[in-house]
Amino acid sequence: MTTPDTAVPRLVVVDDTDPSIQYTPSSAFSKDSAGKLDGQGYGGPVFNHTLTGLSGTSNNGSLTFSFNGTFVRAMVAAEGIYGWYCNVDNHLITSFTVDTSQVTNYIACDSEGTLSGTTSEHTLVVNFFFYPDSPTTSSLWLDSIQYQPLPSDPLDAVTLRIHNSDPSISYSNSSGGWSFQGLNSNATDLTGTSMSLSFNGTSTTLYSVNFGSPTEYNATTAFYTIDGKSTDFDLPGSAKTSNSGGNYTNISNWPLFTLADLSASQHNLNVATSYNSTPQPQYLSIEYFIIQTNPSNSSSTEGSSNSTGVGSSSGGSSSSHSTPVGAIVGGVVGGVVGLAAIILALYFFFRRRRRSAHHSPGMLDLSAGTPPLGHYGPNSGGSIINSPPPMQSVSSSGRPGSGAFSPDALYRDGTSPPHSPSAVMDSSVAGSVAGSSSRASQSGPDSGRLVSMKNAQSLKVRDEQLRRSELRLHTDSGVRLPAPNEREVIDVPPTYTED
């Protein structure tokens with residue numbers, strides 16, 4: 001069974017004459033623009049009144065078409081005895097048997113759900129062939145290729161087929177006048193019943209079903225209104241085909257009216273039945289609309305197939321917003337000023353850190369986890385008075401492990417504070433240091449002496465800095481930076497005492 005139109009209500013239609021369709025061998029294919037098959041069966045006129053195909057039985061051939069979409073089908077016209085098979089991306093898809101009395105607008109094959117959810121490019125190949133016993137009058141033609149576009153496709157300047165079940169079509173059905181009348185149509189014969197369609201495009205054609213069996217229907221009138229202007233059109237009476245045996249029949253794909261040369265903008269179309277006294281009037285039947293969408297360079301702000309309106313963008317109308325020049329300039333200037341402020345702040349931050357590192361022996365260390373490197377007295381002669389244990393943290397009570405060093409551990413009178421880092425050194429640590437010194441004296445040069453000599457050189461510089469230092473008590477805890485060539489001032493908080 002073919003995929004129902006209700007499952008794929010919007011399809012892009014590519015005519016057989018489109019150069020994107022490649023015929024092989026090209027010399028075997030011919031074109032028909034005379035519509036010689038239009039009245040042969042109940043399939044109705046072929047799309048755009050053109051066909052491209054093979055006539056006679058001496059030639060077979062194929063056609064190829066590439067597209068981006070999630071569904072595809074081939075529409076053909078044929079007479080006599082013939083055959084076809086189709087594949088997409090080298091995978092065989094379903095081909096359908098046909099009623100030879102239809103003649104036109106056959107669905108030769110479709111991809112069903114095999115392409116659902118895909119976004120890559122696909123290639124459809126349709127192969128035409130004739131059987132050895134095919135009459136010489138047999139012919140096989142491509143009418144069109146129809147595919148379901150991707151949701152992201154802007155649908156600029158394409159031919160779009162909108163089925164009557166599409167949500168863009170609204171029916172005024174409070175009276176129940178609209179009903180399914182067969183042959184894929186939604187129809188009404190009640191006076192004043194209407195439907196509406198909003199679309200973006202430069203032309204549109206309404207296709208219907210001309211009913212004639214089992215009841216003959218008489219011609220009547222209806223009207224459409226587009227952009228506020230109303231026009232009457234004819235609903236034709238029942239018709240016959242050349243192979244209907246002289247009987248009236250139901251004919252699909254019947255064009256009711258075409259609106260051409262519309263402006264490339266949004267249009268609102270309303271179609272309704274008229275009041276008349278015609279007995280057994282023809283149904284106003286909606287099968288589908290064919291819309292030529294706006295070109296990409298049109299002034300319309302709508303462009304995609306993804307919203308309720310046909311040919312409109314998924315987000316509704318789009319608009320462009322310009323940013324004021326003053327706001328742009330202000331933003332740039334503000335950014336430059338902000339960047340300069342950040343650079344300046346970083347400069348003073350690192351300069352302060354360098355100064356802090358240079359004067360660390362004469363400053364209070366209130367940071368957690370790392371005690372001062374040692375304390376030097378003014379009369380120490382450059383020797384280390386007390387050295388802290390390696391990576392040993394000291395608490396305010398002089399106990400290791402709490403992570404903060406007490407301010408009154410600072411050396412002031414040339415003697416080691418009772419709870420200095422050396423005084424609280426763990427006995428195991430002290431033993432390991434002593435053992436290391438003993439092993440060093442037995443195995444080689446005294447490494448401790450070399451360290452003392454190196455430290456003595458550094459202490460000469462630090463002593464000079466310390467002699468230029470003094471303590472000043474402040475009522476706040478702010479930091480003061482000494483001026484060059486002046487005595488360094490060590491600032492302490494109000495809680496600091498000499499005791």
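Table for the structure above
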{"read-out": "Nonlocal amide H pairs with Ala239, under 5 Å, H built at 1.01 Å", "value": "Thr249"}
{"read-out": "Distance between modelled label sites at Asp232 and Thr137, nm, 7 Å Cα→Cβ extension", "value": "4.3 nm"}
{"read-out": "Potential lengthening between Thr64 and Ser213 on full extension [0.36 nm per residue; Cα-Cα distance subtracted]", "value": "49.8 nm"}
{"read-out": "Sites His49 and Ser174 - FRET efficiency at Förster radius 51 Å, r taken between beta-carbons, to 0.05", "value": "0.85"}
{"read-out": "Computed E for Gln280/Ile107 - FRET, C-beta separation, R0 22 angstrom, nearest 0.05", "value": "0.10"}
{"read-out": "Cα gyration tensor shape of the range 162-292, rounded if a/c is under 1.5, else prolate or oblate by comparing a/b with b/c", "value": "prolate"}
{"read-out": "Leu115, Leu183 arranged by Cβ crowding within 10 Å, fewest neighbours leading", "value": "Leu183, Leu115"}
{"read-out": "Rough spin-label spacing in nm, given labels placed 7 Å along Cα→Cβ, for Asn87 and Ala341", "value": "6.9 nm"}
{"read-out": "Given charges at beta-carbon only (K, R positive; D, E negative), |dipole| of the range 103-200 in Debye", "value": "200 debye"}
{"read-out": "Mean Cα-pair separation over length for the range 93-217, i.e. relative contact order, pairs under 8 Å, 6 or more apart, %", "value": "14 percent"}
{"read-out": "In nm, spacing of pseudo-spin labels at Met1 and Asp99 (7 Å Cα→C-beta vector)", "value": "1.6 nm"}
{"read-out": "Cβ-defined net charge surrounding Val158, 12 Å radius [Lys, Arg +1; Asp, Glu -1]", "value": "-2"}
{"read-out": "Pairwise FRET efficiency - Phe223 versus Ser30, Cβ, R0 = 35 Å, nearest 0.05", "value": "0.25"}
{"read-out": "Karplus-derived 3J(HN,Hα), 6.51/-1.76/1.60, for each residue of the range 92-101, Hz, glycine and proline x", "value": "5, 10, 6, 9, 10, 6, 10, 8, 4, 7"}
{"read-out": "The range 29-117 - percent relative contact order, Cα under 8 Å, separation 6 or more", "value": "34 percent"}
{"read-out": "Ranking of Asp110, Asp99, Asp261 by count of other Cβ atoms within 10 Å, fewest first", "value": "Asp261, Asp99, Asp110"}
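Bear in mind that the values in this text are calculations on the coordinates, not laboratory data. Computed from a prediction, not measured in an experiment: that's the story for all the values here. Positions of Cβ are backbone-derived with ideal geometry, glycine not excepted, and every protein chain shown enters the neighbour counts.
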